[in-house]
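The values are calculated or read from the model by the stated rules, or taken from the named source; none is laboratory data. Keep in mind it's a predicted model, so treat the numbers as computed, not measured. Using ideal geometry, Cβ is built from the backbone for each residue, glycine included, and neighbour counts are taken over all protein chains shown. Side chains are part of the model used for accessible areas, which takes the heavy atoms of the whole protein and leaves out ligands, DNA and RNA. Shrake-Rupley method; radii C 1.70, N 1.55, O 1.52, S 1.80 Å.
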2 protein chains.
Amino acid sequence: MSYDNAKRDSGSVMKTVIQTIHAELIAVLVAVTGSVPRVLTLADGSAFPAGPLELTHRSLQAGVRAWVERQTHHPLGYIEQLYTFADPTRGATVAGDQAERSISISYLGLTREIASGGDTVSWQNIYRYFPWEDRRSDPTLIERTIRAEMGRWVGTSAERAARVNACFGLDGSPWNEDLALSRYELLYEMGLVREAARDGQSNNGEFIPGAMMHADHRRILATALSRLRAKIKYRAIVYELMPESFSLLELQRCVEALAGQRLHKSNFRRLLASQNLLEETAHYAPGVGRPAKLFRFRAALLAERAIAGTRLPIARP
Amino acid sequence: MSYDNAKRDSGSVMKTVIQTIHAELIAVLVAVTGSVPRVLTLADGSAFPAGPLELTHRSLQAGVRAWVERQTHHPLGYIEQLYTFADPTRGATVAGDQAERSISISYLGLTREIASGGDTVSWQNIYRYFPWEDRRSDPTLIERTIRAEMGRWVGTSAERAARVNACFGLDGSPWNEDLALSRYELLYEMGLVREAARDGQSNNGEFIPGAMMHADHRRILATALSRLRAKIKYRAIVYELMPESFSLLELQRCVEALAGQRLHKSNFRRLLASQNLLEETAHYAPGVGRPAKLFRFRAALLAERAIAGTRLPIARP
DNA sequence: CTCATTTATACTCATTATGAGTATAATGGA
DNA sequence: TCCATTATACTCATAATGAGTATAAATGAG
């Protein structure tokens, strides 16, 4: 095809080294049980299910499904792609005209928690890795624990101060739960998470609380959390995390678990009502207090509809 | 590392074939000039700048920058990753213990249009590929041209009808500009775009208007358009597309070009005012009519802030 | 120089959406 | 029976939106 020549050669001489690339598929599986958001991990909480893309895989998604099922025996429902990154230099050696390099493609999956087989397979509380992201019971953790350490990095730089304040909702800036990834990256840059020291970043003080993970898996988890928090607001995906029927409070607890924030009960219900995604069942939830009506998601929701609308001030003709 | 064994071997026997993967980097460069949104193309509008990931590339992003500059001599500003996909079977042959496979990683870049070198390098109107996405002058194009063809595919299926209506804003459903990708994919599934026939999909009628592209580049462009339309609403990225200073009407035209919709002038200005992202300059734009004040973006905007807030009804303590 | 034409800005106003509560209804158990 | 608990229904002030109208400052034709 003449297109290929035009495409490859314009402006420079082509290299002849053929590069061998190793593609790794990584799965972040999230479930919410009660009020705890969890991820499925291997190696006692230090890594996610992962494995190389193989010839037998029909697609990237199929590959992810295969690896997760092989390693955890957990069935997989909804999944979506998160991010792809290349390991900057690791193993970039040349042998003959072959060079080795690694690319990681990460996926986010939503399911319901099931006791999974495998010795080291386990569901871990997401906030074990990011204690500062859970502001439901104690929104002052950042103030109390890591603000001082961050202050050391900020020093007298107004620009750094502005960045920290915007990211962590300090000093008048509002807290934005979607910025989970930015916060993790900033902490890494500051050298306050253990991974930074492990990777040879300079260390600017005491490490802050939060469990470490293999390679950059914790960063991938932060990506997943950010994506999920953002998406839950404009797409009906909590659906994937809930049982067939549930009470409104259960649904609220699920969203709160992901957002890391308490929600206003009646306003949350009003929002649900306006979205018209739920329908009543004939049943009621047992338990203390007045029994709650049970709801289910409407089938019509299958048409992957956005639940919020535009923010642009559109003109009518 | 003991982690690696636990990770790879749980539940199945490991394959020994080493897979050679070819990673292709693809760049969708967008600029808006006047009221026309454009993409930078090669091969007379049929493909995007692209090339394999090489050893000399420090990162995926660096690789994209290198290829774009090599092929188009166009400087590159802001870029972000779009999507990664694996070519399902093409070239999946095995030679010895080596197998060949291709992965494409696409990027979206925002710039200002510059006359670019290279014979076949050109800026193309995005709506050349998706005429139905531009509803500024004529929102009835879908009704007039492609609705009948889609109707043939829908037949008597209520589910198909619901899908088409939700996607294309027909029959009472509101038009949602963010669904550009879903619309393209649906048209492909219906066999109404030329790529579908080329790829061996069954054809359900006449092809609809819109230029074809190499491989799945048109699908990638649809991804870029969807992403850009969605992102422009909650992130201050138009910034990258505008000159140093500009009038409010110019900014409005730029957003309209991307959204494919007319905006309400005074409400758009009120929105801008509330976001506080702009500041006045001392200058005025020349031209017919009363001269417009020129604005520029505030420097403080560097702190990559979200411009919209949460949609969740948060509870205060 | 005056006025029609054009584009820029400033306001207005009804309707919705949101944040924050208060009041009332069903339960099970002491 | 009364109380602790949880579920639902309303209320109300304020902010955000959608849709216009009114006024200001240029240019160019006559």
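Give the nm distances, rounded to one decimal, from B:THR145 to the matching residue in every other copy, measuring between label points 7 Å along Cα toward the beta carbon; shortest first.
With the label placed 7 Å along Cα→Cβ, B:THR145 yields 5.7 nm.
Rounded to whole Hz and in sequence order, give me ³J(HN,Hα) for segment B:124-133 from the Karplus expression 6.51 cos²θ - 1.76 cosθ + 1.60, θ = phi - 60°, writing x for Gly and Pro.
Couplings: 10, 4, 4, 6, 5, 8, 9, x, 6, 7 Hz.
On the principal axes of its Cα set, how long, how wide and how thick is segment B:130-210? Give whole Å, largest value first.
33, 27, 21
What order do you get for B:280-291, B:131-142 when each peptide is scored by the mean count of other beta carbon atoms within 10 Å, highest first?
B:131-142, B:280-291
Provide the per-residue ³J(HN,Hα) series for segment A:279-294, in order, calculated from phi with Karplus coefficients 6.51, -1.76, 1.60 and θ = phi - 60°, each as a whole number of Hz, with x at glycine and proline positions.
Rounded to whole hertz, the list is 9, 5, 10, 8, 9, 10, 7, x, x, 5, x, 4, x, 8, 5, 9.
Could you tally the net charge around A:GLN252, taking each other residue with its Cβ under 13 Å from the Cβ of A:GLN252, Lys/Arg +1 and Asp/Glu -1?
+4
What is the percent carbon and sulfur in the accessible area of segment B:235-300, measuring with a 1.4 Å probe over the protein chains and ignoring ligands?
Summing carbon and sulfur atoms, their accessible area is 51 percent of the total for segment B:235-300.
Taking H as built 1.01 Å from N, whose amide H comes closer than 5 Å to the amide H of A:HIS22, not counting residues under 5 places away?
Excluding prolines and chain starts, which carry no amide H, the hits are A:ARG101, A:SER102, A:ILE103.
Other chains' Cβ within 10 Å of A:35-43 residues: what's the mean?
Averaged over the peptide's residues, the number is 1.
Rank B:GLY200, B:SER157, B:PRO131 by how far each Cα sits towards the positive end of the charge dipole of segment B:130-210 (+1 on Lys, Arg Cβ; -1 on Asp, Glu Cβ) and give me just the farthest.
B:SER157
Segment B:174-220 to segment A:162-179: how many Å between their Cα centroids?
Going from one Cα centre to the other spans 42 Å.
Hey, which of these cross-link pairs are over 25 Å Cα-Cα: A:LYS265/B:LYS233; A:LYS265/B:LYS231; A:LYS231/A:LYS265; B:LYS233/B:LYS265; A:LYS231/B:LYS265; A:LYS231/A:LYS293?
A:LYS265/B:LYS233; A:LYS265/B:LYS231; A:LYS231/B:LYS265; A:LYS231/A:LYS293
Counting only protein heavy atoms and using a 1.4 Å probe, what share of the accessible area of segment A:133-210 belongs to carbon plus sulfur, as a whole percent?
Ligands and nucleic acids excluded, carbon and sulfur reach 47 percent.
Report, by chain and number, residues whose modeled amide H sits under 5 Å from the one on B:ALA292, excluding near sequence neighbours (fewer than 5 apart, same chain).
B:ALA285
Mind giving me the FRET efficiency for B:ARG270 and A:GLN201? R0 is 30 Å, r the Cβ-Cβ distance, nearest 0.05 is fine.
Between B:ARG270 and A:GLN201 the formula returns 0.10.
One decimal, nm, shortest first: give the distances between the label point of B:ALA115 and those of the same position in the other copies, each label point 7 Å from Cα along Cα→Cβ.
List, nearest first: 7.4 nm.
How much accessible surface does B:ILE114 have with a 1.4 Å probe, in Å² rounded to 10?
Spelled out: B:ILE114, probe radius 1.4 Å, area about 80 Å².
Inside 10 Å of the C-beta atoms of B:170-179, what's the mean count of C-beta atoms belonging to other chains?
Per residue, the average neighbour count from other chains is 2.
Using a label point 7 Å beyond Cα on the Cα-Cβ vector, give me the inter-copy distances for B:PRO286 in nanometres, one decimal, shortest first.
8.3
Quick check on segment B:212-256: what does the Kirkwood estimate of hydrodynamic radius come out to from the alpha carbon pairs, in Å?
For segment B:212-256, the Kirkwood estimate is 12.1 Å.
Can you give me the long-range amide H partners of A:ARG38? Hydrogens built in the peptide plane at 1.01 Å from N, cutoff under 5 Å, separation of 5 or more residues or another chain.
A:ALA31, A:VAL32, A:THR33, A:ILE126
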